[in-house]
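Okay, structure first, notes after.
The values are calculated or read from the model by the stated rules, or taken from the named source; none is laboratory data. Note that the structure is predicted; figures quoted are calculated from it, not measured. Virtual Cβ from ideal backbone geometry, glycine too; neighbours counted across all protein chains shown.
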Amino acid sequence: MTTGGNTFWSSGAVPLIEPEFLSSIIGAASDIALVVSAEGIILSVVLNTHSESFGNLKHWEGRPIVQFLTRETVPKFEAAHAAYLGGEVPRKPLELNHSDNAVWQYPVRYTFHRFGHENACLLLGRDLRPIAETQQQLVQAQIALEQGYEARREFDARFRVLLANTDDAIVFVSVQSGRVDDANEAAAGLLGLKLDALRGSTFAQHFSDRSTVELTESLMNATLSEEGGRVTLKAQKSGQSVIVRPVVFRAGGQRVLLCRIASDEEAATITDTVANQALALFRAGSDAMVFMTGKGVITSVNESFLDVVGAAHLSDVVGRSLSDFLARGQIDLGVLIDQPQRSGQMRVYATKLINDLGTRLSVEVSATHLEDQGAQLIGCIIRDVSHMEASRPQGVATAQMPAEPSRNVMDLVGSASLKDIVAETTDVVEKMCIETAVELTGNNRVAAAEMLGLSRQSLYVKLRKYGLLSKNN
């Protein structure tokens, strides 16, 4: 012990420490202290009073220490203990892993000390569990970090491949700085630049008579348009007019504009006079119009549809399934999707619309299968017929049966129960209705029974009656 020249500890002036105080001093100086005899027997165990993580270890006393060591650390202790008995006190701390009946394990770092008791040694230990836990947390954090890096590299690779192989000219512009964060070769070629010159540059500098602030404001205003706004610009390098369609999103705490660029001539061929007229009809038409994907997800609607379902904004409807607004849900949606996909169109389908408040409205729907740049779309025109239904006599599906009963009966399937439809008809019409319902539902007997207002048992009886049970099986 270094005392700086003071002989206080070596002069004998300090009396011997009383035993009752010695154990508390040793316990405070270490987390755990063991007195081990020359034979490797634990003579005494002293624990730090401020640490309760070891529990009660009094049962260690009088038993060999190797019984409380893991298998791989027993040789380490035996070698260090043999060196100690040979007169060489180990200078380096010794790390041992303890186990107690194989229930729990913990690492301890020990130092050997002589205290003049027949070759018995004093082992002062420090609990390494807090360090081990910290190391484990660091390892787990490193693994999570590596996994995050790997996922990001994979995402970046997919993004690069998609950006390089798409035919659309795409530019990513930072709203805050107005600079081009990224772009593809198609965009650089359209603006008459090389890709390296476009990346990192100010987007506004590639167009005439637009400052960075003005251009960013114009693009942001265009993103607020519900129909998808656009900004017409003139490229400074190539001199041609281009149309920019921006979409804003947030990434990494910053707003970014995704700009799709097309030449003015290309845009003119797409938006011709007929397209403008059709768009005007779609917006101002009195009948509700809906466009949906092949899976029934609504992509766009007009104002009349919003009025019918009582929606305030396009965002309340777009992206939802049309089945949410149909009285029979997936059954009606399946008919509106399957029939147009098989035959191209469906003239009339009678059903009911239901809004978020539960109000039901009788409607007739005509559906047409469309192709939009390779994507499968279905366009529906929905007409309110509730005023016509109110004028019909109670209990009768229609006031007068027209001269063509077969066509009109098939049009009424789904709008009334089978009992009402066949009240004024013959078995021929009944058979025709059942055939139509089975065809519309794609031979789904459960859906056909629900559409006709029958139980499944009744439907099977009538199918057997008219020899239709094995049809389409």
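Worth pointing out:
- Which numbered condition Glu118 fails, given (1) of a type outside the set (A, V, I, L, M, F, W, C); (2) part of a helix (DSSP H, G or I); (3) in the same structural domain as Val36 (by TED's automatic domain parsing): (2)
- Any pair with Cβ under 7 angstrom, 6 or more apart, that starts in the range 279-302 at a residue that is without any contact (Cβ under 8 Å) to a residue 24 or more places away in the chain and ends at one that is outside any strand (DSSP E or B) and exposed (fewer than 14 other Cβ atoms within 10 Å of the Cβ): Asn302/Arg283
- When every residue of the range 130-146 is checked against the conditions, none turns out to be among the β-branched types (Val, Ile, Thr), in a strand (DSSP E or B) and at negative phi.
- Pair list, Cβ under 9 Å, 6 or more apart: the range 454-473 residue within 12 Å of Glu435 (Cα to Cα), other residue outside any helix (DSSP H, G or I) and at pLDDT 80 or above: Lys462/Leu454
- Qualifying residue in the range 70-78 (condition: modelled with pLDDT of 85 or more, more than 57 Å from the chain's Cα centre (by Cα), surrounded by 13 or more Cβ atoms within 10 Å (Cβ to Cβ) and farther than 25 Å from Gln135 by Cα): no
- Condition met for Ala204 (under 23 Å from Asp156 (Cα atoms) and in the same structural domain as Ile261 (by TED's automatic domain parsing)): no
- From Ser24, Ser53, Ser44, residue being modelled with pLDDT under 70, in the same structural domain as Asp100 (by TED's automatic domain parsing), outside any helix (DSSP H, G or I) and surrounded by 10 or more Cβ atoms within 10 Å (Cβ to Cβ): Ser53
- Residues satisfying the criterion are present in the range 419-437 (criterion: in contact with a Gly (Cβ under 8 Å, 6 or more places away or on another chain), at pLDDT below 80 and surrounded by 15 or more Cβ atoms within 10 Å (Cβ to Cβ)).
- Of residues in the range 121-154 being at pLDDT below 85 and aliphatic (A, V, I, L, M), the one nearest to Leu69 (Cα to Cα): Leu128
- Any hit, the range 166-185, residues being under 30 Å from Tyr106 (Cα atoms) and either touching a Cys at 6+ places or on another chain (Cβ under 6 Å) or of a type in the set (A, V, I, L, M, F, W, C) (or both): no
- From the list Ala197, Ala188, the lone residue that is closer than 18 Å to Val244 by Cβ, over 28 Å from the mean Cα position of the chain (by Cα) and small (Gly, Ala, Ser) is Ala188.
- Of all the criteria given as (1) surrounded by 18 or more Cβ atoms within 10 Å (Cβ to Cβ); (2) not in a strand (DSSP E or B), the one not satisfied by Gly239 is (1).
- Residues considered: Ala278, Ala262, Ala251. Of these, the only one that is at pLDDT 80 or above and either over 36 Å from the mean Cα position of the chain (by Cα) or among the basic types (Lys, Arg) (or both) is Ala278.
- On the stretch given as the range 443-471, residues that are assigned to a helix (DSSP H, G or I) and surrounded by 19 or more Cβ atoms within 10 Å (Cβ to Cβ) total 8.
- Residue within the range 97-112 that is of a type in the set (Asp, Glu), at pLDDT 80 or above and either closer than 22 Å to Asn56 by Cβ or surrounded by 13 or more Cβ atoms within 10 Å (Cβ to Cβ) (or both) present: no
- Close Cβ contacts (under 7 Å, 6 or more residues apart or on different chains) running from residues in the range 174-198 that are on the phi > 0 side of the Ramachandran plot to residues that are hydroxyl-bearing (Ser, Thr, Tyr) and assigned to a strand (DSSP E or B) comprise Gly178/Thr202.
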